[in-house]
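*Asks:* This is the structure I want to talk about, given as structure tokens.
The values are calculated or read from the model by the stated rules, or taken from the named source; none is laboratory data. Computed from a prediction, not measured in an experiment: that's the story for all the values here. A quick note on method: Cβ atoms are made from the backbone with ideal geometry, for glycine too, and the neighbour counts reach across all protein chains shown. Note: accessible area is taken over every heavy atom of the protein model, side chains too, but ligands, DNA and RNA are not part of it. Shrake-Rupley method; radii C 1.70, N 1.55, O 1.52, S 1.80 Å.
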Amino acid sequence: QVTVAGLPSAAISYSPPVICIGQPVQFNGTNTGTSGIISWNWNFGDGSGNGAEDPAHSYLLAGPYTVMLTVSDAAGCTSMVMQTLNVNAPPAPGSISFSPGLSICAGGTVTLTAPAGASWSWTPAANTQTITVSSAGTYSVTVTDANGCTASPDSVEVVVFPAPQALVTGNPVICDQG
């Protein structure tokens, strides 16, 4: 009597759904067949691979990649599945622009403008491209593009000088006839 075992079969999933350069991608191999998988062989499409069931991988260049997963069972049977994914470049970090300057007098303000993007997250808390501040401190922003990739330009330091104190000196007596 000949017994034919079921073939190994696997599926690929990954997260996050939008991938950016340098961001770790968590891959998951799922056994969808009837035989037990004893070997997982990943090819990430960029010349690197991994033998774990659920590896993480980061891409260094933008573009489409075809990920291949080859699985084997104890009988030596193999199966391969492929998944194409796209890796996005992050936005250019740019720089925070400011007007009139980063040093202001007490009571003054400075306007800080982040580079172009789809959304912004400032520290301290704000979520617009341009903010107006009057407090001393370090201000930073994370810019997110339409793909969900992020960049963080160098932070800026706002300095607030105290208002000068008016001091009147001289003879406090004023004569009418000089």
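*Asks:* I'd like to verify a number: residues in the range 72-96 that are over 22 Å from Pro115 (Cα atoms) and open to solvent by 50 Å² or more (accessible area, probe 1.4 Å), how many?
*Replies:* Count: 9.
*Asks:* If I ask for residues that are surrounded by 18 or more Cβ atoms within 10 Å (Cβ to Cβ) and either part of a loop (DSSP other than H, G, I, E, B) or within 30 Å of the chain's Cα centre (by Cα) (or both), which ones from the range 10-19 would you list?
*Replies:* Matches in the range 10-19: Ile19 only.
*Asks:* Select from the range 29-42 the residues that are open to solvent by 50 Å² or more (accessible area, probe 1.4 Å) and part of a strand (DSSP E or B) and list them in ascending order.
*Replies:* Thr30, Asn31, Ile38, Asn41
*Asks:* So which of Gly22, Gly47 ends up being exposed (fewer than 15 other Cβ atoms within 10 Å of the Cβ) and farther than 17 Å from Thr84 by Cβ?
*Replies:* Gly22 is the lone residue from the list that is exposed (fewer than 15 other Cβ atoms within 10 Å of the Cβ) and farther than 17 Å from Thr84 by Cβ.
*Asks:* Please tell me if Thr84 is more than 30 Å from Thr34 (Cβ to Cβ) and part of a strand (DSSP E or B).
*Replies:* no
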